[in-house]
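Down below is the structure, laid out as structure tokens.
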Amino acid sequence: MVELPQFEGPLDLLLHLITKHELDILDIPIAFITDKYLEYLSQLKAWSIDVASEYLVMAATLAHIKSKMLLPSPPPGQDDVLEEEQEDPRAELVRRLLEYQKYKAAAVDLGDRALFGADVFGRGEMEPRDGGPAPLAPVGVFALIDAFQRIAERRKIRIDHEIDLERISITERIGELSELLRTRGPCTIDDLLPDRMGTSELIITFLALLEMTRLRMTRLQQSHPLAPLHVTLAVSEQQEQKSGVGPSNDNEA
């Protein structure tokens, strides 16, 4: 079994699902979002990715909210109804999501400012550039999972058995992918997972991409949720050597 550290938290996954399915964060269809959340966890387990306990806690929280919303509403004007029973069961989750979304956006903004101050020394304002294609938007690791799931469904790959990953380690695959991205430049996920790949090679390449994303060795970009996912190498060869790219258990299967 290959175990990888968590990449993003359960609130990230919920925000990703809300954005992907164009849901209203203030009026979340809790039954739908619970089903999609559990589908994600099942898919991660099928790919032999260890699911952190906090994801399971969120799954239990969603199931609890779903069960409370199935209960009949108390009749209006009933005196013995507690105030907390009248509140929307989703209210606390929505509050957490909005707060998390706000701080996540602030962290990204502060991170960009720090990078600009450290690596770029501007001289006045840049002139606006007209024409040309619109830049791709950065996306999180869950977009990579979505892209891999679409590829697996298109190729009718069923991952319901233990997969032998001893042919090549995650560390070796990371080295190959780094060299490919350094030579060819940005590639789509389909370029990195071609049709000729077997199931074992497909899985180990996907796990390597996940690890590279966790280590910030790659950037993921996309023009819109269903567009091809583009992978760009984000570090130099010297940075790769300093980061120690190989996970400690990359040869376990």
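All of the numbers you see were taken from the coordinates with simple rules; none came from a lab. The shown structure was predicted, so the numbers you read here are calculated from the model rather than taken from an experiment. Don't worry about glycine lacking a Cβ; one is built from the backbone with ideal geometry, like all the others, and counts go over all protein chains shown.
Going by how many other Cβ atoms sit within 10 Å of their own, how do Ser67, Ser169 line up, fewest first? Walk me through the numbers before you get to the answer.
Numbers: Ser67 12, Ser169 19.
Final ranking by Cβ density, sparse to dense: Ser67, Ser169.
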Problem set entry | Two-site label geometry, Glu153 and Lys68: point separation in nm, points 7 Å out along Cα→Cβ | 3.2 nm
Exercise. Using 7 Å Cα-to-Cβ label points, what is the Lys104/Asp35 separation (nm, one decimal)?
Worked result: 2.3 nm
Exercise. Residue-wise, which Karplus ³J(HN,Hα) couplings in Hz belong to region 207-220, taking 6.51 cos²θ - 1.76 cosθ + 1.60, θ = phi - 60°, and x for glycine or proline?
Worked result: 5, 5, 5, 4, 5, 5, 5, 4, 7, 6, 7, 10, 10, 10
Seminar exercise, completed: Taking r as the C-beta separation of Glu201 and Ser223 and R0 as 30 Å, the FRET efficiency to the nearest 0.05 is 0.60
Problem set entry | Cut-off 13 Å (backbone N to label point 7 Å along Cα→Cβ of Asp24), residues of region 30-66 | 30
Exercise. Which FRET efficiency value, to the nearest 0.05, is calculated for Tyr55 and Thr183 with the Förster distance at 41 angstrom and r the Cβ-Cβ distance?
Worked result: 0.65
Exercise. Can you list the residues, at least 5 places off or on another chain, whose amide H is less than 5 Å from the amide H of Ala234, using H built in the peptide plane?
Worked result: Thr218, Arg219
Problem set entry | Nearby lysines by direct alpha-carbon distance to Lys102 (threshold 24 angstrom, same-chain neighbours under 8 apart not counted) | Lys20, Lys36
